[in-house]
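**Student:** Next up is a structure, given as structure tokens.
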Amino acid sequence: MPDRRPYNFSAGPAAMPEEVLRQAAGEMLDWQGTGMSVMEMSHRGEAFGRIIHQAESDLRELLGVPSDYAVLFMQGGALAQNALIPLNLSRGARADYVVTGSWSAKSEREARKFCDVQVAARPEGGFLDIPPLASWQVREDAAYLHYCGNETIDGVEFPEVPAGFAPPLVADMSSSILSRPLDVAAHGCVYAGAQKNIGPAGVTLVMVRRELLGRALPSCPSAFDYAVADANGSMYNTPPTYAIYMAGLVLQWIARQREGDLRGLAAVTERNRRKAAMLYECIDASSLYVNRVAPAVRSRMNVPFQLRDPKLDAAFLEGARQRGLLQLKGHKSVGGMRASIYNAMPEAGVRALVDYLRDFERSH
Ligand SMILES: *Cc1c(COP(=O)(O)O)cnc(C)c1O
């Protein structure tokens, strides 16, 4: 066994904090003296009740989720939400979408099955920037305005919440939730699949202002009706219990983080800022690697980059693997490389990657 696990730059399912994996391993056969693994417990029992309530209250605390917002633990991932958002919130009428990358493009296409969709903004010539807010075409009477906070594939992130429009904001935060503070109250709804920054695949978080509930289209499946999920404490049917437990451990891990005087999410935010700065500085200083995203909207979580000579891609990936730097291959639609540096990626991992980038450039 090497003395450390390799650094895993996967975009998702992504690396988990090692501490959390060890804690889960320790509790695998017997959760806190119950004699059961969490995955063997009734979701309606007292023990799992404690687990889900703790997870919800920790999430509310970390993100400052207002009390008039429901926190739902659902299934189906963010792609199911692409249908469930219009089914629950559009009333079959108008909904506007900002398209800044592959994921929001998918959201917009799916919504067309359920309501009258308009693209409020979309950059010309590839997903490399976010059109200025003043240029967005937003219908005053749209049921909501949808955007993707961080485009995982294209590496484009909103530096700030695009506030100031009439319709409630709906945000896909799958790959940036809990990477820094989020003004949940500035949104009608925020959703995120867990497998990037919260936990294992299988649970999807939805935070939604209760005022918007109760107007689902009649065709909305009951198990996916936000009002039904809320009224049943996310237990209308069996929730993904083990994934919720793991997400809960990650939330506690975030709350424990320290960075100088900073604690919890503030500490994680500062670490993420430094990690991204280190990596972009290295790429920008090089004549072999390139990232074409406008600097003001570069993602702090997913850093796509190309080798100027793609013939070197295979050698690059093989050399990285030998150094214990895993899953750096870019998404097939963009090509090249992508380093995902979510909360669980330690600074030492980014440093190891930067060292490798420099060494590889020197030897090629
Ligand atoms: C990964 C991802 C998705 C897709 O999530 P699934 O859980 O596979 O449905 C959607 N949006 C964003 C921003 C993502 O990062």
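Read-outs: derived from the displayed coordinates by stated rules, not from any lab. Here the structure is a predicted model, which is why all the values come from computation and not from measurement. Neighbour counts are summed over all protein chains in view; Cβ atoms, including those assigned to glycine, are modelled from backbone coordinates with ideal geometry.
**Student:** With a ≥ b ≥ c the root eigenvalues of the C-alpha gyration tensor of the chain, is it rounded (a/c under 1.5), prolate (a/b larger than b/c) or oblate?
**Tutor:** Numbers: a/c = 1.98, a/b = 1.16, b/c = 1.70.
Taking the square roots of the gyration eigenvalues as a ≥ b ≥ c, the chain is oblate.
**Student:** Using per-residue counts of other Cβ atoms within 10 Å, averaged over each peptide, order 122-128, 314-320, 262-268 from highest down.
**Tutor:** In descending order of packing, they fall as 262-268, 314-320, 122-128.
**Student:** So which residue, out of 339, 294, 255, gets the largest mean-square fluctuation from a GNM of the chain using Cα contacts under 10 Å as springs?
**Tutor:** 294
**Student:** Quick one: which of 130-140, 298-308, 70-80 comes out on top by average Cβ neighbours within 10 Å, and what's the full order, highest first?
**Tutor:** Answer by packing, highest mean first, reads 298-308, 70-80, 130-140.
**Student:** With only Lys, Arg, Asp and Glu charged, each at its Cβ (+1 for the first two, -1 for the last two), find how big the charge dipole of the chain is about the Cα centre; round to the nearest 20 debye. Mind dumping the intermediate values first?
**Tutor:** Numbers: 39 positive and 40 negative charges, 120 e Å.
It comes to approximately 580 debye.
**Student:** Near residue 332, which lysines are there with a Cα under 24 Å away, not counting those fewer than 8 places off in the same chain?
**Tutor:** Partners found: 106, 196, 311.
**Student:** Then there is this: Below 8 Å between Cα atoms, with a sequence gap of 6+, how large is the relative contact order for the chain in percent? Let's see the in-between values first.
**Tutor:** Values: 689 pairs, mean separation 81.6, N = 364.
About 22 percent, as a whole number.
**Student:** I've got another one for you. Rounded to the nearest 5, what % of DSSP beta bridges with both residues in segment 21-254 are antiparallel?
**Tutor:** 50 percent
**Student:** Normalising by the residue count of segment 234-347, find the relative contact order in percent from Cα pairs under 8 Å and 6+ residues apart.
**Tutor:** 20 percent
**Student:** For a paramagnetic label modelled at 7 Å from the Cα of residue 364 toward its Cβ, which residues of segment 293-312 fall within the zone defined by backbone nitrogen distances under 11 Å?
**Tutor:** Correct set: 306-312.
**Student:** Using 0.36 nm per residue, how much length does the chain from residue 347 to residue 119 gain when fully extended, once their Cα-Cα distance is taken away?
**Tutor:** Gain in length upon complete extension: 78.3 nm.
**Student:** Once label points are set 7 Å from the Cα along Cα→Cβ at both residue 332 and residue 44, what is their separation, rounded to one decimal in nm?
**Tutor:** 4.4 nm
**Student:** Just grab the label-to-label distance for residue 3 and residue 278, each label 7 Å out from Cα along the Cβ direction, in nm (one decimal).
**Tutor:** 1.8 nm
**Student:** According to the square roots a ≥ b ≥ c of the eigenvalues of the Cα gyration tensor, what is the shape class of segment 259-363, taking rounded for a/c under 1.5, prolate for a/b larger than b/c otherwise, and oblate for the remainder?
**Tutor:** It is prolate, given that a/c is not under 1.5 and a/b is the larger ratio.
**Student:** In nm, what is the difference between 0.36 nm times the number of residues separating residue 137 and residue 61 and their Cα-Cα distance?
**Tutor:** Details: separation 76, 0.36 × 76 = 27.36 nm, distance 3.49 nm.
Contour length minus Cα-Cα distance gives 23.9 nm.
**Student:** Highest mean first, what order results for 215-224, 143-152, 98-107, 111-120 on Cβ atoms within 10 Å?
**Tutor:** 143-152, 98-107, 111-120, 215-224
**Student:** Still on this structure: Most fluctuating residue of 84, 169, 213 in a GNM of the chain with Cα springs under 10 Å: which is it?
**Tutor:** Ranking 84, 169, 213 by mean-square fluctuation puts 213 first.
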